[in-house]
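**Q** I'd like to ask you about the structure that follows.
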Amino acid sequence: MLAFASGSAPAWACGDGEVRRVFDRVAELMHVRVDPARPCPGIVPRDAMPAERFAALVGLDTGGRVFPAYFPSANLIVVEPGRPDLLAHELAHYFQVVYWGMTENDSRDTVERQATAVERMFREGEGSGP
(Lines give C-alpha, C1' and ligand atoms only; values in the text may rest on other atoms or scores of the structure.)
Protein backbone atom coordinates (compact mmCIF):
# COMPACT_ATOMS: atom_id res chain seq x y z
CA MET A 1 0.00 0.00 0.00
CA LEU A 2 1.23 3.48 -0.81
CA ALA A 3 1.69 5.83 2.10
CA PHE A 4 0.99 9.50 1.65
CA ALA A 5 1.32 12.58 3.79
CA SER A 6 -1.85 13.42 5.64
CA GLY A 7 -3.80 16.56 4.82
CA SER A 8 -4.32 18.19 1.46
CA ALA A 9 -0.69 18.99 0.71
CA PRO A 10 0.91 16.61 -1.77
CA ALA A 11 3.63 14.18 -0.82
CA TRP A 12 6.81 14.37 -2.89
CA ALA A 13 8.06 11.43 -4.93
CA CYS A 14 11.67 12.23 -4.18
CA GLY A 15 11.00 11.71 -0.46
CA ASP A 16 11.05 8.53 1.56
CA GLY A 17 9.14 5.29 1.86
CA GLU A 18 7.10 3.38 -0.66
CA VAL A 19 6.61 6.28 -3.07
CA ARG A 20 10.38 6.84 -3.22
CA ARG A 21 10.92 3.11 -3.78
CA VAL A 22 8.58 3.19 -6.79
CA PHE A 23 10.23 6.42 -8.02
CA ASP A 24 13.69 4.84 -7.88
CA ARG A 25 12.51 1.63 -9.56
CA VAL A 26 10.89 3.52 -12.44
CA ALA A 27 14.06 5.58 -12.90
CA GLU A 28 16.01 2.33 -13.07
CA LEU A 29 13.59 0.77 -15.57
CA MET A 30 13.81 3.88 -17.76
CA HIS A 31 17.62 4.11 -17.43
CA VAL A 32 17.38 7.58 -15.90
CA ARG A 33 20.02 8.92 -13.54
CA VAL A 34 18.08 10.93 -10.97
CA ASP A 35 19.28 14.52 -10.73
CA PRO A 36 18.59 16.02 -7.29
CA ALA A 37 18.45 19.49 -8.89
CA ARG A 38 15.34 18.56 -10.90
CA PRO A 39 11.94 19.17 -9.31
CA CYS A 40 10.19 16.21 -7.74
CA PRO A 41 6.58 15.62 -8.70
CA GLY A 42 3.86 16.19 -6.13
CA ILE A 43 1.82 13.07 -5.39
CA VAL A 44 -1.86 13.34 -4.44
CA PRO A 45 -4.20 10.40 -3.76
CA ARG A 46 -7.19 10.35 -6.10
CA ASP A 47 -9.66 10.62 -3.22
CA ALA A 48 -7.91 13.76 -1.87
CA MET A 49 -8.08 15.60 -5.20
CA PRO A 50 -11.08 17.91 -5.55
CA ALA A 51 -12.98 17.05 -8.74
CA GLU A 52 -13.14 20.72 -9.75
CA ARG A 53 -9.37 21.16 -9.50
CA PHE A 54 -8.82 17.91 -11.38
CA ALA A 55 -11.13 19.04 -14.21
CA ALA A 56 -9.30 22.38 -14.35
CA LEU A 57 -5.95 20.58 -14.66
CA VAL A 58 -7.31 18.24 -17.36
CA GLY A 59 -8.85 21.20 -19.15
CA LEU A 60 -12.28 19.68 -19.59
CA ASP A 61 -15.32 18.54 -17.64
CA THR A 62 -14.60 15.06 -16.29
CA GLY A 63 -18.10 14.63 -14.93
CA GLY A 64 -16.79 14.69 -11.37
CA ARG A 65 -14.42 11.79 -12.05
CA VAL A 66 -10.83 11.84 -10.81
CA PHE A 67 -8.40 9.25 -12.15
CA PRO A 68 -4.64 8.63 -12.12
CA ALA A 69 -2.82 11.21 -14.22
CA TYR A 70 0.37 13.26 -14.50
CA PHE A 71 0.01 17.02 -15.04
CA PRO A 72 3.28 18.48 -16.35
CA SER A 73 2.06 22.07 -15.93
CA ALA A 74 1.70 21.49 -12.16
CA ASN A 75 4.33 18.72 -11.89
CA LEU A 76 1.63 16.77 -10.07
CA ILE A 77 0.64 13.11 -10.11
CA VAL A 78 -2.80 11.92 -9.03
CA VAL A 79 -2.60 8.29 -7.91
CA GLU A 80 -4.85 5.43 -6.93
CA PRO A 81 -3.82 4.43 -3.38
CA GLY A 82 -2.70 0.82 -3.16
CA ARG A 83 -1.75 0.69 -6.86
CA PRO A 84 2.02 1.16 -7.13
CA ASP A 85 1.85 -0.12 -10.72
CA LEU A 86 -0.32 2.87 -11.68
CA LEU A 87 2.06 5.20 -9.84
CA ALA A 88 4.86 3.64 -11.91
CA HIS A 89 2.89 4.47 -15.09
CA GLU A 90 2.42 8.11 -14.08
CA LEU A 91 6.05 8.42 -12.93
CA ALA A 92 7.06 7.21 -16.39
CA HIS A 93 5.23 10.25 -17.77
CA TYR A 94 7.08 12.46 -15.27
CA PHE A 95 10.44 11.10 -16.44
CA GLN A 96 9.40 11.46 -20.09
CA VAL A 97 8.68 15.16 -19.55
CA VAL A 98 11.23 16.25 -16.93
CA TYR A 99 14.20 14.13 -18.02
CA TRP A 100 13.59 13.36 -21.69
CA GLY A 101 11.95 16.64 -22.68
CA MET A 102 8.84 15.09 -24.20
CA THR A 103 5.99 17.51 -24.82
CA GLU A 104 2.33 17.43 -25.79
CA ASN A 105 3.58 17.56 -29.40
CA ASP A 106 5.10 14.09 -29.09
CA SER A 107 3.07 11.13 -30.32
CA ARG A 108 0.44 10.32 -27.69
CA ASP A 109 0.60 6.69 -28.80
CA THR A 110 4.37 6.52 -28.22
CA VAL A 111 4.15 8.29 -24.86
CA GLU A 112 1.40 5.94 -23.62
CA ARG A 113 3.06 2.78 -24.98
CA GLN A 114 6.26 3.65 -23.13
CA ALA A 115 4.44 4.36 -19.86
CA THR A 116 2.38 1.18 -20.19
CA ALA A 117 5.56 -0.83 -20.80
CA VAL A 118 7.12 0.64 -17.64
CA GLU A 119 3.94 -0.16 -15.69
CA ARG A 120 4.04 -3.76 -16.96
CA MET A 121 7.77 -4.19 -16.18
CA PHE A 122 7.21 -2.74 -12.72
CA ARG A 123 4.28 -5.09 -12.05
CA GLU A 124 6.19 -8.12 -13.33
CA GLY A 125 9.17 -7.16 -11.18
CA GLU A 126 6.93 -6.93 -8.13
CA GLY A 127 5.95 -10.56 -8.57
CA SER A 128 2.23 -9.98 -8.48
CA GLY A 129 -0.37 -7.91 -10.24
CA PRO A 130 -3.45 -6.16 -9.04
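The values are calculated or read from the model by the stated rules, or taken from the named source; none is laboratory data. Because the structure is a prediction, the values reported are computed rather than measured. Here the Cβ is made from the backbone with ideal geometry for all residues, glycine too, and neighbour counts use every protein chain on show.
Each row is one residue, and each column tells you yes or no for (1) buried (at least 17 other Cβ atoms within 10 Å of the Cβ); (2) within 13 Å of PHE95 (Cα to Cα); (3) of a type outside the set (S, T, N, Q).
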{"position": "ARG25", "(1), (2), (3)": "yes, yes, yes"}
{"position": "ARG46", "(1), (2), (3)": "yes, no, yes"}
{"position": "VAL58", "(1), (2), (3)": "no, no, yes"}
{"position": "GLY63", "(1), (2), (3)": "no, no, yes"}
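**Q** Against the definition (in contact with a strand residue (DSSP E or B) (Cβ under 8 Å, 6 or more places away or on another chain), on the phi < 0 side of the Ramachandran plot and either outside any strand (DSSP E or B) or without any contact (Cβ under 8 Å) to a residue 60 or more places away in the chain (or both)), how does GLU119 come out, yes or no?
**A** On the way: in contact with a strand residue (DSSP E or B) (Cβ under 8 Å, 6 or more places away or on another chain): no; on the phi < 0 side of the Ramachandran plot: yes; either outside any strand (DSSP E or B) or without any contact (Cβ under 8 Å) to a residue 60 or more places away in the chain (or both): yes.
Spelling it out, it is not the case that GLU119 is in contact with a strand residue (DSSP E or B) (Cβ under 8 Å, 6 or more places away or on another chain), on the phi < 0 side of the Ramachandran plot and either outside any strand (DSSP E or B) or without any contact (Cβ under 8 Å) to a residue 60 or more places away in the chain (or both).
**Q** Sticking with this one: Check region 1-18 and report whether any residue there is touching a helix residue (DSSP H, G or I) at 6+ places or on another chain (Cβ under 6 Å) and modelled with pLDDT of 90 or more.
**A** Taking every residue of region 1-18 in turn, none turns out to be touching a helix residue (DSSP H, G or I) at 6+ places or on another chain (Cβ under 6 Å) and modelled with pLDDT of 90 or more.
**Q** Related question: Checking ARG53 against (1) among the basic types (Lys, Arg); (2) under 21 Å from VAL111 (Cα atoms); (3) in a helix (DSSP H, G or I); (4) more than 14 Å from the chain's Cα centre (by Cα), which single condition isn't satisfied?
**A** Unmet for ARG53, out of (1) among the basic types (Lys, Arg); (2) under 21 Å from VAL111 (Cα atoms); (3) in a helix (DSSP H, G or I); (4) more than 14 Å from the chain's Cα centre (by Cα): (2).
**Q** Right, here's the next one. Using the structure shown, decide if PHE54 is under 16 Å from LEU91 (Cα atoms) and aromatic (Phe, Trp, Tyr). Quick ask: steps written out before the conclusion?
**A** Details: under 16 Å from LEU91 (Cα atoms): no; aromatic (Phe, Trp, Tyr): yes.
No: the conditions fail for PHE54.
**Q** Among (1) more than 15 Å from GLU90 (Cα to Cα); (2) surrounded by fewer than 16 Cβ atoms within 10 Å (Cβ to Cβ); (3) at pLDDT 95 or above, where does PHE67 come up short?
**A** Here PHE67 clears every test but (1).
**Q** In addition: What's the total number of residues in region 8-26 that are part of a loop (DSSP other than H, G, I, E, B), under 23 Å from THR116 (Cα atoms) and touching a strand residue (DSSP E or B) at 6+ places or on another chain (Cβ under 9 Å)? Talk me through it step by step, then tell me what you get.
**A** Looking only at region 8-26, we keep the residues that are part of a loop (DSSP other than H, G, I, E, B), and these are 8-10, 13-16.
Then keep just the ones that are under 23 Å from THR116 (Cα atoms); that gives 13-14.
Still in the running and touching a strand residue (DSSP E or B) at 6+ places or on another chain (Cβ under 9 Å): 13.
Counting residues in region 8-26 that are part of a loop (DSSP other than H, G, I, E, B), under 23 Å from THR116 (Cα atoms) and touching a strand residue (DSSP E or B) at 6+ places or on another chain (Cβ under 9 Å) gives 1.
**Q** From the list ALA69, ALA74, which residue is in contact with a helix residue (DSSP H, G or I) (Cβ under 9 Å, 6 or more places away or on another chain), more than 23 Å from GLU28 (Cα to Cα) and among the aliphatic types (A, V, I, L, M)? Reasoning before the result, please.
**A** Numbers: ALA69 fails: more than 23 Å from GLU28 (Cα to Cα).
Exactly one of ALA69, ALA74 is in contact with a helix residue (DSSP H, G or I) (Cβ under 9 Å, 6 or more places away or on another chain), more than 23 Å from GLU28 (Cα to Cα) and among the aliphatic types (A, V, I, L, M), namely ALA74.
**Q** Provide a single number: the residues in region 27-44 that are surrounded by 14 or more Cβ atoms within 10 Å (Cβ to Cβ), out of contact with any Phe, Trp or Tyr (no Cβ under 7 Å at 6 or more places or on another chain) and either in a helix (DSSP H, G or I) or among the small types (Gly, Ala, Ser) (or both).
**A** Summing the residues that are surrounded by 14 or more Cβ atoms within 10 Å (Cβ to Cβ), out of contact with any Phe, Trp or Tyr (no Cβ under 7 Å at 6 or more places or on another chain) and either in a helix (DSSP H, G or I) or among the small types (Gly, Ala, Ser) (or both) in region 27-44 gives 1.
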